[in-house]
Amino acid sequence: MLRRIFLCLTFAVFWSFSRAQGSEHLMRQLTYCHIELMDAGFELEFDGQELWHVDPTHFTARRRLPEFASDWTLNRSLPSQAHYSIGTCFYNIPRCVAGENNPPQSIVPPDTLLYSESDVKLGVENTLICSVSNFHPPPVNISWRRNGEPVSERDVSETQYYSDRDFGFRVFSYLSFSPERGDVYSCSVRHRGLQEELTRFWEVEEPEDSPEVETAVLVVGILVGFLGFVAGIILIVMSKTPAV
């Protein structure tokens, strides 16, 4: 029998504001803890994108989006806040569960998508993205294969868990690769809500002709057609000219 796994989610909404155009922005804090696996997480999000997360083992803050480094300054107290918040999570969960007479846990299996980051060109480095979403609770286990063989771990990176407004989770796994004709890649996901491993496949297809090639073919076709037309006119004129 599967033992129950309890999860704690705490959200702190820092601000929600509107600009002149009427667009709203949301910044929030997520803390979760997994009692059975003794796993935990702490992160700051802005409009659904992670800004910072704190490594729960060494309690060091890490930036997810380095391109925004100049816009966001790390609060030096963030690791200590994470330490306190995660400790509170582990402390409160057993008491909340006992107080609610061991309520059943909501288990929702994930949805997955597999796609490339940019247009495919043979031999040009690219990134495959495996999107795992709408699941509860964490964790999920994601694995990659190329032509049926496991890929090198150094080519794979993974985000922290992102939270959705409905308390579901999503996570992204990235595989750096160089497309070669005929290669088949797969992303497999395991979650306690799935009866079996969920696998998506992605095959390297030969890129279609570029716009430059298509334009050249069109020009050649028009030129050949024009020359044929001219040749036809000449033949008609010659056929109607009386012999001397």
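Each value in this text was obtained by applying a stated rule to the coordinates, not by laboratory testing. Computed from a predicted model, the values in this text were never measured in an experiment. For neighbour counting, all protein chains shown are included, and Cβ atoms are generated from backbone atoms with ideal geometry for every residue, glycine included.
Looking at L114, V124, G99, which one has the Cα that reaches farthest to the positive end of the dipole of segment 40-152 (charges on Cβ: Lys, Arg +1; Asp, Glu -1)?
The Cα lying farthest towards the positive end belongs to G99.
Could you sort the peptides 27-34, 151-158 by per-residue average Cβ neighbour count (10 Å cutoff), highest mean leading?
Answer by packing, highest mean first, reads 27-34, 151-158.
Relative to a virtual label point 7 Å from the Cα of R192 in the Cα→beta-carbon direction, which members of segment 152-174 show backbone nitrogen distances below 17 Å?
168-170
Checking the a/c ratio against 1.5 first, then a/b against b/c, what shape does the Cα gyration tensor give for segment 137-185?
The shape class here is prolate.
Expressed as a fraction of 2.2 N^0.38 Å, the rule-of-thumb size for a compact globular protein of N residues, what is the C-alpha radius of gyration of segment 111-203?
Scaled against compact globular proteins, the figure is 1.10.
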